[in-house]
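The values are calculated or read from the model by the stated rules, or taken from the named source; none is laboratory data. Since the model is a prediction, treat every value here as computed from it, not as a measurement. In this analysis, Cβ positions are derived from the backbone assuming ideal geometry, glycine residues included, and neighbour counts consider all displayed protein chains.
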Amino acid sequence: MPNESTPKVLTEFLRPPPRSGLIREALGVFELPRLLFCIPTLARQPRGCGEPVLVLPGYGAGNISTALLQSYLRFLGYRVRGLGRRSSRGEVPALLTRVMRRLISLTRDNQQKVRIVGWSLGGYLAREAARERPDLVHQVITLGTPVIGGPKYTVVAHRFRRRGIDMNVIEAQIESRNQISLTTPITAIYSRLDAVVAWEACIDRHTSDVEHIEVRASHVGLGFSPDVYKIIAQRLAAVAARRSDEPAFETITTTTMAPAQVLNAPVLTKDKV
């Protein structure tokens, strides 16, 4: 059920952003000077204590697109990993398998649940990883992530239609997935200036433990916005304090798994002393 941070959205009027609005995305480069200007403020944000954070890029992007965010989180004291050298291009099931392998590896290496920050499609993959394995995920923070319709309400929807992909089928499949409750705390950051993803599609009306935060940034700018970085730092610290009584993890002995085994890899826990 939606909470008080959930904006009211009339889903029957949802439409992809017009392609004419893409010119606004070029303004995302202006977030970089703002980011540099705000370094003193960002340096004073709450710090981590070596907690593992997995940062997932948007569709077709790689680690380079999230390099600044990863560097900032390392500066704050987190152990940060990306998805890997390969770009996040391909079918969602294959990408989710990559995410699950990385998630299990991080959990095994750090002996605790992982925080996931996902940008656009990366946020969708983060949510699905948390849905499948809530025992491995401490919290999820999404940036401009569509939780309704998948690509249907994005500016690239027409490309999928040209390939003969039925957007209504994808939307129905995602709606079916959303009926499986997410128990992991979610922070959904979105912008009404987003010219890639319809901001209304970023509103999660299914998850009870979700906080929606609106910022002023383009879709591209979400990855470089000092406002977004500040929110991420504060939410990582806030949820860490809120969930500090959770059990720690013992070593995961499974190091290589076939895709079918990934979702059910055994994880043992022990009580904190």
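Across the range 190-217, the qualifying residues are those that are in a loop (DSSP other than H, G, I, E, B) and touching a Phe, Trp or Tyr at 6+ places or on another chain (Cβ under 9 Å), and the one among them that is surrounded by the most Cβ atoms within 10 Å (Cβ to Cβ) is Ala217.
Inclusion of Arg81 among residues that are at pLDDT below 95, surrounded by fewer than 24 Cβ atoms within 10 Å (Cβ to Cβ) and touching a helix residue (DSSP H, G or I) at 6+ places or on another chain (Cβ under 9 Å) is not warranted. Just one of the numbered conditions (1) more than 22 Å from Met100 (Cβ to Cβ); (2) at pLDDT 95 or above; (3) assigned to a loop (DSSP other than H, G, I, E, B) is not true of Val228; which one? That leaves (3) as the condition not met. Would you confirm, using the coordinates I've provided, whether Gly122 is in contact (Cβ under 8 Å) with a residue 12 or more places away in the chain, more than 22 Å from Gln179 (Cβ to Cβ) and outside any loop (DSSP other than H, G, I, E, B)? Here the answer is yes, as Gly122 does meet what is asked.
Would the range 142-159 turn up any residue that is touching a helix residue (DSSP H, G or I) at 6+ places or on another chain (Cβ under 7 Å) and over 19 Å from Glu200 (Cβ atoms)? No - not one qualifying residue is present in the range 142-159.
Filtering the range 204-222 to residues that are small (Gly, Ala, Ser) and closer than 26 Å to Pro33 by Cα leaves Ala217, Ser218, Gly221.
The condition (being at pLDDT 85 or above, surrounded by fewer than 17 Cβ atoms within 10 Å (Cβ to Cβ) and among the β-branched types (Val, Ile, Thr)) is satisfied by just one residue among Thr11, Thr66, Thr41, Thr107: Thr41. Looking only at residues in the range 33-57 that are within 29 Å of Val137 (Cβ to Cβ) and among the aliphatic types (A, V, I, L, M), the one that is farthest from the chain's Cα centre (by Cα) is Ala43.
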